[in-house]
Amino acid sequence: MANANIKPLEVVFWLCTLLPFVLTPNYLSLASQIAITALFALSLDLILGYAGIVSLGHAAFFGAGAYTAGLIAKHYWAEPLTGLLLAGISAGILGYALSHIIVRFRHLALIMLTLGLGLLVHEAANSASALTGGADGLQGFRVPAVLGFKFDLYGTTAYAYALLVLFLGFLVSRRIIHSPFGLALRGIRENATRMPAIGAPSRAHLRKVYTIAAVMAGIAGALLTHTTSTVSLETLSFGRSADVLVILILGGAGRLYGGIVGAIIYMVARDQFSGINPQYWYFWIGLLLVAVVMFLPNGILGGLAKFSRPRS
Amino acid sequence: MLASLAGVLFDGFAYGMLLFLLSVGLTVTLGMMNFVNLAHCSFAMVGGYATVTLMNRFGWPFLATLPMAFVAAALLSIFLERTLYRRLYRASDLDQCLLTIGIVFISVAAFAWFYTSEQQSALVPEYLRGSVQILGQGFATYRIFLIAVSLAITAVLVLLLERTRFGARVRAAVDNQRMARGLGIDVERTFMITFALGGGLAGLGGALAVQMVGLDPSFALAYLVYVLIVVAVGGLGSIGGSFVAAVVLGISDMAGKYYFPWLGAFLIYLVMVALLMWRPLGLFGKR
Amino acid sequence: MVAQDVELELPHGVRHALIGPNGAGKTTLINLMTGMLAPDAGQILLGGEDITGLKPEARVRRGLARTFQINTLFPQLTALESVALAVLERDGHAHNWWRGLTRFGAEVDEAASILQSLNLQKGLHRLTRELAYGEQRLLEIALALATRPRVLLLDEPAAGVPRDESAELFSAIAGLSSSLTVLFIEHDMDVVFRFASRIHVMVGGRILVQGTPDDIARDPRVREVYLGRAHRVPA
């Protein structure tokens, strides 16, 4: 069975996530964005890397969480932790509802459905401008502090907040992966036909993981709202769905750390190249995608694993 | 009211014909090789830019650029198929999606580099501009031209498929690849030619689209969604299905924009989701 | 019409063979019995209970398991993980996402012993896709056994396995519990006559004849069906 023990490299990794506080204090805003994206990518990994559902519309849940948190902060109260919880719940409800549709399909129909549903949610939010602010998004609210720690200009609190939530999300994911449910998900991914033949209720399993992933994505969206005090339609866009897919594939799906690694590399690179015209950024991403598919089909982590594993 | 209905139907049909031209290549290649080529609309873009360049830079007459648009896109299709695509026929849906999305990104950036992100326009000849009056309703001449060309191409395609040996091979390969191979059909070669044909048609569609919907580097992504909807709803491998789906989509889109502008694209996506749920393999799909 | 007017009764604890030419509808029959295909008409009864409307996974829970003619396994799971998954699903633990797999030692041990009973203990921790073909065919059976079936349907269990290696496979099948009802599809007549106590012959979607091996051996219609084939029906 896959070793569930904590490896020393993992401990080192998580300790290193504390380094930005000390080494790069000017980049803590970026670091918190990376942490948020990593959590989002991790949620996609659960359904894509482990259960095998190719989703082109995962941003629907990210945006649902972002808007929920924004609406609560704007109209009700500015306490973020309850906002986080409610965002997760609302995204989870949406995920649960959509999961009934999603799990009945495979291959192209599934891809198209996730795309279509994502676009639908985006359009719906666009149209409901009285609620969501439409193309302008939600503005005019601020989340001043979390648990008494003020959100400062340097992003110290933001990064601590995002990192902590990411870590918790990571622990939950880890638990799932090393559980019987995680094994069942891998079974579905490896051979969906065989699952009913061993008595497995595949659809029930898939609905469950889809809902869990939606909750996690919604929480990531809420984190974005809390740390930037703004919500835009972009959080629901196809662009965001495509970006997180690229990030996960880049890092390596089905490897728990793939989303985190991918997020770090992608967003640091984008930050470094942000001076360049955004179109050219997409040129390099396109080239990278082609290269990854042709030469590194399991992403960076997959490539590293192959490199370090002794030939059997 | 009736007049505007006729106008909406006409415009919708013309738009649907355009979508059909853009989609038909994809549905056949998807049905034949199950290869998810999301870069299909990049071929359309190539055709569009070919026409624009030939007309604006080299002064070619519009009609003469159309075959060149076809050829340019077809050549690019063959190039990509030979170098990259053929290695991924057995790869997962995800890998094919990612590779072809990567190519879309590259193409979008490449065209933005060479042509800037601005809208391109190509002035079509005098006799294709303006409108024709029928029963008191004006119908844009260009759209009549577009419909005529599309229907002619559809007829040629149907003849090609039903009456030629090549067409028989294509139908066999779409229907059951393994058996087709067993019958001695060179599936790879049939596929390459079909792929070129489909890409060329997309290029032609892109060239014709310039006058109707404009052209800029985001074309490859913007119309991808519509093309995918047509293909998924019509059914993989079914030309008739794509035809019907394209017309339905074109008319729905026009009707939506005219009668329910506040809905935006919501209607299209809703129709697609509903249709896919009812018929996951598409209206006429077998796979 | 792929399978028509099929009336098949499988008495308890007996070893049944289902034979017939290719395309006779044998696999289709298994697909119908397990629920992968829905019948246009008719009933399927398991131990007296009507399971015709049940989904495949529900039928498995009631004790009907099958193997596939073409290996339908989990390539990137180890043999142990695959069988353990089947055991966990059977016991209803697969929904548990909070407790680690290490806490389910009993189920994992059971999976290991199933694999051991089929002589697969060497491949326990190897990925399914790295196992030899013959081992994979045995893993097919292990997965079905893990569901603790009452009725086991084996679709050409030795398909693709060379003659000299299939002996081990069939001795494993022979060693299965005698309270288990087994139906296996097979083309090798020697195997059929050695292991089956009842034989059902299917041709063109219909049951041609069914009976004891002696009945089948003497039936002129069966000889006719198999005339010209490589296998001779033993006299």
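Every number in this text was worked out from the coordinates using simple rules, so none of it is lab data. Remember, it's a predicted structure, so these values are computed and weren't measured experimentally. Neighbour counts run over all protein chains shown; Cβ positions are idealised from the backbone, glycine included.
Points to keep in mind about this one:
- Cα-based helix-to-principal-axis angle, C:105-117 vs chain C, degrees rounded to 10: 40
- Descending by average beta-carbon neighbour count within 10 Å, the peptides C:119-125, A:183-189 line up as A:183-189, C:119-125, the highest first.
- A helix-only calculation puts chain B at -25000 deg cm²/dmol for mean residue ellipticity at 222 nm, using -39500 (n - 2.57) for each DSSP H run of at least four residues, averaged over all residues.
- Of all DSSP beta bridges confined to chain C, the antiparallel ones make up roughly 35%.
- Alpha-carbon centroid distance for the pair segment A:187-243 / segment B:210-249, whole angstrom: 28
- Once both labels are positioned 7 Å from their Cα atoms along Cα-to-Cβ, the gap between B:LEU9 and C:LEU124 label points is 7.4 nm.
- Nonlocal amide H pairs with C:LEU208, under 5 Å, H built at 1.01 Å: C:VAL201, C:MET202, C:VAL203
- Within the protein assembly as shown, DSSP assigns beta bridges of which about 50% are antiparallel (rounded to the nearest 5).
- Across segment B:35-41, coupling constants 3J(HN,Hα) worked out from phi with the 6.51/-1.76/1.60 Karplus curve, θ = phi - 60°, read 9, 7, 9, 6, 8, 3, 6 Hz, and Gly and Pro carry x.
- For segment A:72-84, 3J(HN,Hα) computed residue by residue from phi via the Karplus equation (6.51, -1.76, 1.60; θ = phi - 60°) reads 5, 5, 7, 9, 10, 9, 9, 6, x, 5, 5, x, 4 Hz, glycine and proline entered as x.
- Once the Cα-Cα distance is subtracted from the 0.36 nm per residue extended length, the A:ILE93 to A:TRP14 segment shows a gain of 25.3 nm.
- Taking other C-beta atoms within 10 Å as the exposure proxy, C:ARG61, B:ARG178 rank B:ARG178, C:ARG61 from fewest upward.
- Length available on full extension from B:ARG129 to B:ARG57: 0.36 nm per residue minus the Cα-Cα distance, which gives 23.8 nm.
- Hypothetical label at A:ALA4: residues of segment C:102-124 whose amide nitrogen lies under 18 Å (7 Å Cα-Cβ projection): C:102-112
- Shielding of peptide B:81-88 by partners, expressed as the average count of other chain Cβ atoms within 10 Å per residue Cβ, is 1.
- For segment B:87-145, trypsin sites (Lys or Arg not before Pro) meeting the loop criterion (DSSP other than H, G, I, E, B) and having at most 10 other Cβ atoms within 10 Å: B:ARG90.
- Estimated FRET transfer efficiency when R0 is 56 angstrom, pair A:ASN26-C:TRP98 (beta carbons, to 0.05): 0.90
- Treating r as the C-beta distance of C:ALA38 and C:SER177 and R0 as 25 Å, the FRET efficiency rounds to 0.20.
- Spin-label pair B:GLN119-A:LEU171: with each label point 7 Å from Cα along the Cα-Cβ axis, the two points sit 5.5 nm from one another.
- Partner chain coverage, peptide C:84-90 - average Cβ within 10 angstrom: 6
- Label-to-label distance, nm, for residues given as C:GLU224 and A:ARG106 (7 Å Cα→Cβ offset): 4.1
- Note on the protein assembly as shown: Rg/Rh from C-alpha atoms, Kirkwood Rh, equals 1.01.
- Near B:TYR223: Cβ cut-off under 14 Å, other residues only, Lys/Arg at +1 and Asp/Glu at -1. The net charge is -2.
- Each helix, a run of at least 4 DSSP H residues, gives -39500 (n - 2.57); summed and divided by the residues of chain C, these come to -10500 deg cm²/dmol at 222 nm.
- For B:ALA140, distant residues with modelled amide H under 5 Å away: B:VAL132
- For the residues of C:71-83, the average number of beta carbons from a partner chain within 10 Å of their own beta carbon is 4.
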